[in-house]
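Peer 1: Pasting a structure here, questions to come.
The values are calculated or read from the model by the stated rules, or taken from the named source; none is laboratory data. These numbers were taken from a predicted model, which means no experiment stands behind them. With ideal geometry, Cβ positions are generated from the backbone for all residues, glycine too; neighbour counts draw on all protein chains shown.
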Amino acid sequence: MRSINILSSLLVAAAVFQMGTNYANAKNMKIEKSFFDNTDSGEKIEAYTLDNGEGVTVKLITWGATIVQVTAPDRNGKIGNVVLGADKVAPYKGDYLGSVVGRYANRIAKGKFILDDETYTLATNNGENHLHGGISGFNQKIWKAKKIKGKDYVGVEFTTRSADMEEGYPGAMKIKTVYTLNDDNELKITYYAVTDEDTVVNLTNHVYFNLAGEGTILDHIVTLNADFYTPVNDGLIPTGEILSVKGTPFDFTTPKPIKHGFDKLNNDPKGIDHNIVLRASGDEELHKVAKVLEPKSGRVLECYTTQPGVQFYTGNFLNGAFVGREGAYQQYAGFCLETQHYPDSPNQPHFPTTVLKPGEEYKEVTIYKFTVDKD
């Protein structure tokens, strides 16, 4: 009987210790609001910094609901920034870096689509095609923001509106993007949208990662949970085919450096900028997208989503035009995992639909988790 009582006491003590640890972590989590910058017209841009007390912080601004900085520890506990960004608003004007993009992330061929037997014409801001919502998409809006906090997370809720026929899209739309950071080093992004008319919607975040914090991302080791991809024409519009990645530069079914298949690519500038068809895991709505390891620092990024695809982009078009904290960002300075529905879905009936109707709610989730490889 005495031994049972001692064991019970130890178990209770362990439980209390664990509760105390979790409580301490929760108390260490915080969110701070600060002034970021003014626009040329004098509008104030606010910043919100999420801190989970474990070395992971996320700085967000109301311009474009943009991620401007993320810090994470390396294998030795050294904290460093792992995304591309700037400390002023000017570089973000006309750019998508770190921002929420929409109404339609990625490309729509020739800026046209048919919905309910009516043809809609959008801006052609990427050659002859429409890109990331047009000339003034969600990345150029100043979003409203408010702090949120839970038992094991801190976050920001961003909201904005899109008028009927804004950038050529039908329907007045309300949009909400919620960022939360928890005590498991997970940055969760949840997108919501509702409309008063039939429309199309495809939201993502265009954050660029560099887990080393400097140099190029070509030696980052990537694994993608995907067996197929959608090939594209010269304008990066899907041909409509869904092909196997086997034997192609898009085959990351086993861990490989980003640059592993660049010699087989014939695009210019050379690199990957393709929609990868994700492999859903069982009946789980949230499925794994990727695991990325930066060998020198040991930093690891894992990505999960409810979306059917991801635009894997290796920073091919970075050319120094965006001047950030580390200076002008050159080619391959960062990579993107833009979780999404497939590009040009409104013109490709066999792709997963992006139509949103009145009475429905668009909701998609993406999680970026930061860990380390100790080896």
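Peer 1: Scanning the stretch 170-192 for residues that are closer than 20 Å to Y304 by Cα and among the hydrophobic types (A, V, I, L, M, F, W, C), which turns out surrounded by the fewest Cβ atoms within 10 Å (Cβ to Cβ)?
Peer 2: Here the answer is V178.
Peer 1: Does any residue of the stretch 177-189 turn out to be within 19 Å of Q69 (Cβ to Cβ) and part of a loop (DSSP other than H, G, I, E, B)?
Peer 2: Scanning the stretch 177-189, I find at least one residue that is within 19 Å of Q69 (Cβ to Cβ) and part of a loop (DSSP other than H, G, I, E, B), so the answer is yes.
Peer 1: For a quick check of your reading: which strands (runs of 3 or more DSSP E) sit entirely within the stretch 299-357 and have at least 3 residues that are modelled with pLDDT of 95 or more and more than 17 Å from P231 (Cβ to Cβ)?
Peer 2: Result: 299-305, 336-340.
Peer 1: Would you pick out the residues in the stretch 69-100 that are under 20 Å from I175 (Cβ atoms) and crowded, with 18+ Cβ neighbours inside 10 Å?
Peer 2: Of everything in the stretch 69-100, those that are under 20 Å from I175 (Cβ atoms) and crowded, with 18+ Cβ neighbours inside 10 Å turn out to be Y92, Y96, L97, G98, S99, V100.
Peer 1: Now a separate question. Just wondering, is there one or more residues in the stretch 237-244 that are polar (S, T, N, Q) and assigned to a loop (DSSP other than H, G, I, E, B)?
Peer 2: yes
Peer 1: Looking at the stretch 96-118, is at least one residue modelled with pLDDT of 95 or more, in the same structural domain as K176 (by TED's automatic domain parsing) and more than 26 Å from L356 (Cβ to Cβ)?
Peer 2: Yes, there is a match, as at least one residue in the stretch 96-118 is modelled with pLDDT of 95 or more, in the same structural domain as K176 (by TED's automatic domain parsing) and more than 26 Å from L356 (Cβ to Cβ).
Peer 1: So which of Q348, Q307, Q311, Q330 is in the same structural domain as V56 (by TED's automatic domain parsing) and closer than 22 Å to K174 by Cα?
Peer 2: So the residue among Q348, Q307, Q311, Q330 that is in the same structural domain as V56 (by TED's automatic domain parsing) and closer than 22 Å to K174 by Cα is Q307.
Peer 1: Looking at the stretch 143-153, can you tell me whether even one residue there is over 27 Å from T57 (Cα atoms), in the same structural domain as T62 (by TED's automatic domain parsing) and surrounded by fewer than 18 Cβ atoms within 10 Å (Cβ to Cβ)?
Peer 2: no
Peer 1: One residue is enough: does the stretch 251-265 have a residue meeting the conditions free of Cβ contacts under 8 Å to residues at least 24 places away in the same chain and assigned to a loop (DSSP other than H, G, I, E, B)?
Peer 2: Checked against the condition, which is being free of Cβ contacts under 8 Å to residues at least 24 places away in the same chain and assigned to a loop (DSSP other than H, G, I, E, B), the stretch 251-265 yields at least one hit.
Peer 1: Residue check, G42 against (1) without any contact (Cβ under 8 Å) to a residue 12 or more places away in the chain; (2) touching a Ser or Thr at 6+ places or on another chain (Cβ under 9 Å), all met but one. Which one?
Peer 2: Of everything listed in (1) without any contact (Cβ under 8 Å) to a residue 12 or more places away in the chain; (2) touching a Ser or Thr at 6+ places or on another chain (Cβ under 9 Å), G42 misses just condition (2).
Peer 1: Just wondering, is there one or more residues in the stretch 111-125 that are under 21 Å from G171 (Cβ atoms), of a type in the set (G, A, S) and not in a loop (DSSP other than H, G, I, E, B)?
Peer 2: Yes - at least one qualifying residue is present in the stretch 111-125.
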